[in-house]
Amino acid sequence: MNSVLFGQVTKALKKNSYLDFSTMTCETEKDRVVLRGVVPSYFEKQMAQESLRSIEGIGEILNELEVLKRPHHPFFSTMENRILNK
């Protein structure tokens with residue numbers, strides 16, 4: 001495990017206000033990061049990956065997060081649309 005990279009990755013994921021890090025895990029080995037766990041939308045799956053792009057030292061990101069859709073709720077649809085249309 002690359003403990004320096006692991007710290008940077010977990011910090012970035014926790015800092016992203018659109019993600020619930022409690023449903024995710026990450027593993028680091030050399031310059032490779034593997035994301036696992038469950039997220040409620042493809043948007044959040046992509047946000048998790050994108051939040052790591054600026055971290056120097058990552059050579060590969062394997063995004064193995066599973067999407068389990070939550071029941072439709074107007075609040076979530078409105079928030080995703082606002083974020084995507086910025």
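The values are calculated or read from the model by the stated rules, or taken from the named source; none is laboratory data. This one's a predicted model, so the numbers in the text were calculated from it and none came from an experiment. Reconstructed Cβ throughout: ideal geometry from the backbone, glycine too, with neighbour counts over all protein chains shown.
Considering only the stretch 1-56, state which residues are hydroxyl-bearing (Ser, Thr, Tyr) and part of a loop (DSSP other than H, G, I, E, B). It would help to see each step written out before you state the result.
Quick first cut of the stretch 1-56, residues hydroxyl-bearing (Ser, Thr, Tyr) only: 3, 10, 17-18, 22-23, 25, 28, 41-42, 51, 54.
SER17, TYR18, SER41, SER51, SER54, listed by residue number.
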Check your understanding: If you go through the stretch 1-32, how many residues are under 14 Å from ILE61 (Cβ atoms) and more than 11 Å from the chain's Cα centre (by Cα)?
Key -> 10
Review point. Is there any pair with a first residue in the stretch 2-28 that is in contact (Cβ under 8 Å) with a residue 60 or more places away in the chain and over 10 Å from LEU52 (Cβ atoms) and a second that is among the hydrophobic types (A, V, I, L, M, F, W, C) and in a helix (DSSP H, G or I) whose Cβ atoms are under 6 Å apart and which are 6 or more apart or on different chains, and what are they?
Key: TYR18/MET47
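Could you look through the stretch 3-26, keep only residues that are aliphatic (A, V, I, L, M) and within 21 Å of GLU66 (Cβ to Cβ), and pick out the one that is surrounded by the most Cβ atoms within 10 Å (Cβ to Cβ)? Break it down stepwise before answering.
Just the residues of the stretch 3-26 that are aliphatic (A, V, I, L, M), to begin with: 4-5, 9, 12-13, 19, 24.
Okay, now just the ones that are also within 21 Å of GLU66 (Cβ to Cβ), so 9, 12-13, 19, 24.
Working: VAL9: 24, ALA12: 19, LEU13: 19, LEU19: 19, MET24: 19.
In this case the residue turns out to be VAL9.
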Point to revise | Residue in the stretch 27-41 that is surrounded by the most Cβ atoms within 10 Å (Cβ to Cβ), counting only those that are at pLDDT below 95 and among the hydrophobic types (A, V, I, L, M, F, W, C) | key: VAL39
Study note, to complete from the structure: Those residues of the stretch 45-58 which are modelled with pLDDT of 95 or more and closer than 11 Å to ARG32 by Cα amount to ILE58
Review point. Can you name the residue in the stretch 59-77 that is part of a loop (DSSP other than H, G, I, E, B) and more than 15 Å from the chain's Cα centre (by Cα) and is also modelled with the lowest pLDDT among such residues?
Key: HIS73
